[in-house]
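K.L.:
Here it is, the structure, as structure tokens.
The values are calculated or read from the model by the stated rules, or taken from the named source; none is laboratory data. In this text the structure is predicted, and so the values were computed from the model without any measurement. Backbone-built Cβ (ideal geometry, glycine too); neighbour counts: all protein chains shown.
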Amino acid sequence: TPSESAPDEQTETVCPLCAVGCHLERGTDRTRAVGREGPANPNGRLCRKGLRAFDAVAADDRLTRPAIRRGGDPEPVSWEAALDHVVERFEGVLDAHGPDALAFLGAPHCTTEENYLLQKLARSLGTNDVDNRARLCHDATTRTLADRLGWPATTNGLSDLREADVVVVAGANPAARQPVAFDSFVRPAVNDGTTLVHVDPVGNETTRLADVHLTPRPGTDALVFDLLSALVFDADGVDSGFVGSRTRGYDDFAAAMAEFDRERARGVAGVDADGAERVAELVADADRVAVLTGTGIEGGAAAGDAAAPDSILNLLLASGNVGRPGTGWFVLRGLVNEQGATDAGCVPDRLPGHRAVTDETARARVADEWGFEPPSSPGRDARELLAAFGDEIRGALVVGEDPATSKRTTEWLGDRLGGLDVLVVLEVAESDTTPYADVVLPAATGVEKDGTVTNLERRVQRLRATGSPPGEARSDFAILAELGRRLADDERQFDYDHPGEAFDELTRVAPTHAGVSYDELGAEGRQWPFGGESVLYREAFDTDDGRAPFRRPRPIVASERGDGLRLVTGGRASDFLDDRAANDPVVRIHPADADEQGLNPEAPVVVRAAERDDEAAERTALELAVQVDDGVRRGTVYMHAAVADPLLRRDVETVVVESQSSLGG
Ligand code: SF4
């Protein structure tokens, strides 16, 4: 049996606020966290946000009792009554509409074991309609990594970055978003001579340390990396030994590179020719190049954007920069357990350990352990499920997620959340979603629970409860295990006393997690796969023939630039802990664009959707301070996502910035 950690305020645990995974404990003043040395924060440092890791524990609006809503206000009830009610309502949906009328949404800030239980519960009831939001954040990147190398994850370890000659950061701002990792591994490397390249339309905290800043037009990252590959090719920077022994499809790729129109690519991407050549020379001359990417390369509706991960990987493969320390690809994940939630199989098309639900051998393997076989056809992802709420989806179990917050309109809330027969929400505090819930079950925060989380370098670390949740609140793990015992055909399928038992079960069904036990994770945690090394793919890739394929670059297509300035955002809309965004709402704009608009930098401006006829755009107009900044690319404006939220909810891509006087005051 895995050993329990007694809740103790001085217990060392892992910061639940981002995917770096720093170690901390509660300070003696009870309000502030104190850093402890861990693999991701070797100096015991915490960032501004991490220092406040215990804020959520003490929040005034903590939920402390289960509640059922029967029409009016929620009524506090006993756990027994609440769980009975959930079971009765879910069984009602199952009887009337079948298992695919139920949806299960997990969360990247819940533990791996909680996400594991949630997907097991969904599958035990006969549906693969289970997902978590993390999968969508880095979808194109992780799919590229999985399809072409083997695993949807960072290839190396953070400490490797000290060995890189060149670090390329694209579509990310790790100096602000993953600050302790940046300061512990990237900054010291740069101080020792590593060259830092930043590829981003907008300068930010990371740019300040960069030797070269390329500012492509938003949505042209794929083209920039294709151009860099072509220039590396010209500079004789292709590693022919690596390409010959470790990859396939190079001849086709080389032919495409020979024909690649470098001039046109530069023009369409709008990157400075000298800068691009300098980066290509750096890559060609370096022995070790690592790439760090964030959600900025995932793109949105812009044409060709989803191709960026393919182009980045082509560059790494052509230059022989995978499979050694100081090389590889770091996926700069945001939330604490984005990696672990997906590893646990809390996704509609993959079982634990990233095996396809269509893979019979994988299904048989989990069936042996679980005592039932999961359904074989892939379920719907979170976007599809939310769109079907109130229609085909009649009941939903939402664990630690708040679907009402992101890009949701009042109509959506009424039709979708309000249209469900039963909505059950596990939450630590009131959220935008809880008012729509039929049953709200009070849960524990990250520092009040045991289990594991997996950071952005695949390091599985143990959380240890530093105290008990308030009132009658319980960990999501305890709640899901109890629901499983009541809803599953055989209650023994959910017979867990402690998250460590679910972790040990995961090690038996998931190839990523084989070879270790919960107790063996130790104080420092371990990187998966546990039998291997920190650096993946030293000898071969985890593909059918052990080689990594090249992919042909997409054709160069100039995106049509409509009126207005392209909106670029950073951070997350839900980042309520980011003081600066909340207290200092600004829009950043290039001086030439500010001049063109006749903006007075001393006066507030109005930012609104470029489609001025759209009544909705009028309603989303924001009054902000303006910051004129030549670190912002011409033709774009930058805002924090929390500030830009009303625009993002409307999928606004281009905006106009006007002085208030032009609006008549
Ligand atoms: Fe917490 Fe991330 Fe800050 Fe570390 S970097 S203290 S994990 S928020």
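K.L.:
For residues in the stretch 405-425 being in contact with a Lys or Arg (Cβ under 9 Å, 6 or more places away or on another chain) and among the hydrophobic types (A, V, I, L, M, F, W, C), which is surrounded by the most Cβ atoms within 10 Å (Cβ to Cβ)?
P.N.:
V424
K.L.:
Right, here's the next one. Just one of G267, G237, G193 is farther than 23 Å from G294 by Cα, more than 16 Å from the ligand (Cβ to nearest atom) and surrounded by 22 or more Cβ atoms within 10 Å (Cβ to Cβ); which is it? First the steps, then the outcome.
P.N.:
Working: G267 fails: surrounded by 22 or more Cβ atoms within 10 Å (Cβ to Cβ); G193 fails: surrounded by 22 or more Cβ atoms within 10 Å (Cβ to Cβ).
Going through G267, G237, G193 in turn, just one is farther than 23 Å from G294 by Cα, more than 16 Å from the ligand (Cβ to nearest atom) and surrounded by 22 or more Cβ atoms within 10 Å (Cβ to Cβ): G237.
Let's see how each residue does on (1) within 16 Å of the ligand (Cβ to nearest atom); (2) under 25 Å from G340 (Cβ atoms); (3) outside the structural domain of P403 (by TED's automatic domain parsing):
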{"residue": "A19", "(1), (2), (3)": "yes, yes, yes"}
{"residue": "D29", "(1), (2), (3)": "no, no, yes"}
{"residue": "R32", "(1), (2), (3)": "yes, no, yes"}
{"residue": "G44", "(1), (2), (3)": "yes, yes, yes"}
{"residue": "R48", "(1), (2), (3)": "yes, yes, yes"}
{"residue": "R52", "(1), (2), (3)": "yes, yes, yes"}
{"residue": "V77", "(1), (2), (3)": "no, no, no"}
{"residue": "L83", "(1), (2), (3)": "no, no, no"}
{"residue": "G106", "(1), (2), (3)": "no, yes, no"}
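K.L.:
Follow-up question, since we're still on this one. What are the residues in the stretch 442-459 that are part of a strand (DSSP E or B) and over 16 Å from the mean Cα position of the chain (by Cα), if any?
P.N.:
From the stretch 442-459, those part of a strand (DSSP E or B) are 442-443, 451-454, 459; that's our starting set.
Correct list: P442, A443, G451, T452.
K.L.:
Are any residues in the stretch 625-643 at pLDDT 80 or above and surrounded by 20 or more Cβ atoms within 10 Å (Cβ to Cβ), and if so, which ones?
P.N.:
Those that are at pLDDT 80 or above and surrounded by 20 or more Cβ atoms within 10 Å (Cβ to Cβ): V626, V632, R633, T636, V637, Y638, M639, H640, V643.
K.L.:
Can you tell me which residue in the stretch 410-441 is modelled with the highest pLDDT, limited to those that are in a helix (DSSP H, G or I), within 25 Å of the chain's Cα centre (by Cα) and not basic (K, R)?
P.N.:
Narrowing the stretch 410-441 to residues in a helix (DSSP H, G or I): 410-417, 434-436.
With the extra rule that they be within 25 Å of the chain's Cα centre (by Cα), the set shrinks to 412-413, 416-417, 434.
If we keep only those that are not basic (K, R) too, we end up with 412-413, 417, 434.
On the way: W412: 77, L413: 79, L417: 89, T434: 92.
Taking the candidates together, the pick is T434.
K.L.:
If you don't mind, another one. Given the condition out of contact with any His (no Cβ under 9 Å at 6 or more places or on another chain), part of a loop (DSSP other than H, G, I, E, B), among the aromatic types (F, W, Y) and modelled with pLDDT of 95 or more, answer yes or no: does some residue in the stretch 318-332 qualify?
P.N.:
Of all residues in the stretch 318-332, those out of contact with any His (no Cβ under 9 Å at 6 or more places or on another chain) come to 318-330.
Among the residues that remain, those that are also part of a loop (DSSP other than H, G, I, E, B) are: 319-327.
Then drop every residue that is not among the aromatic types (F, W, Y), which leaves none.
No, the conditions are met nowhere in the stretch 318-332.
K.L.:
Need the failing condition index for T28 against (1) exposed (fewer than 14 other Cβ atoms within 10 Å of the Cβ); (2) touching a residue at least 24 places away in the same chain (Cβ under 8 Å), just the number.
P.N.:
Single failed check for T28: (2).
K.L.:
Has the stretch 170-185 got any residue that is free of Cβ contacts under 8 Å to residues at least 12 places away in the same chain and either among the aliphatic types (A, V, I, L, M) or over 22 Å from R634 (Cα atoms) (or both)?
P.N.:
Going through the stretch 170-185, the residues free of Cβ contacts under 8 Å to residues at least 12 places away in the same chain turn out to be none.
No, that holds for no residue.
K.L.:
Moving on. Look through A67, A56, A40 and report the one residue that is more than 28 Å from I393 (Cβ to Cβ), more than 10 Å from the ligand (Cβ to nearest atom) and not acidic (D, E). Outline the logic, then answer.
P.N.:
On the way: A67 fails: more than 28 Å from I393 (Cβ to Cβ); A40 fails: more than 10 Å from the ligand (Cβ to nearest atom).
Result of the check over A67, A56, A40: A56.
K.L.:
Shifting gears a bit: Do we find a residue being of a type in the set (G, A, S) and closer than 14 Å to R135 by Cα anywhere in the stretch 311-320? Outline the logic, then answer.
P.N.:
Going residue by residue through the stretch 311-320, those that are of a type in the set (G, A, S) are 311, 318-320.
Pick out the ones that are also closer than 14 Å to R135 by Cα and you get none.
Scanning the stretch 311-320 turns up no residue that is of a type in the set (G, A, S) and closer than 14 Å to R135 by Cα.
K.L.:
Right, another one. Pick out the one residue from A388, A364 that is out of contact with any Ser or Thr (no Cβ under 7 Å at 6 or more places or on another chain), within 16 Å of P348 (Cα to Cα) and not charged (D, E, K, R). Let's see the steps before the verdict.
P.N.:
On the way: A364 fails: within 16 Å of P348 (Cα to Cα).
So the residue among A388, A364 that is out of contact with any Ser or Thr (no Cβ under 7 Å at 6 or more places or on another chain), within 16 Å of P348 (Cα to Cα) and not charged (D, E, K, R) is A388.
K.L.:
In addition: When you look at F90, is it aromatic (F, W, Y) and within 16 Å of the ligand (Cβ to nearest atom), yes or no?
P.N.:
On the way: aromatic (F, W, Y): yes; within 16 Å of the ligand (Cβ to nearest atom): no.
Against the criterion (aromatic (F, W, Y) and within 16 Å of the ligand (Cβ to nearest atom)), F90 does not qualify.
For every residue, the table says whether it meets (1) within 16 Å of the chain's Cα centre (by Cα); (2) modelled with pLDDT of 95 or more; (3) surrounded by fewer than 24 Cβ atoms within 10 Å (Cβ to Cβ).
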position: A107; (1), (2), (3): yes, no, no
position: C110; (1), (2), (3): yes, yes, no
position: G126; (1), (2), (3): no, yes, yes
position: R148; (1), (2), (3): no, yes, yes
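K.L.:
Could you say whether any residue in the stretch 347-359 is over 24 Å from A101 (Cα atoms), in contact (Cβ under 8 Å) with a residue 40 or more places away in the chain, under 15 Å from the mean Cα position of the chain (by Cα) and not in a helix (DSSP H, G or I)?
P.N.:
no
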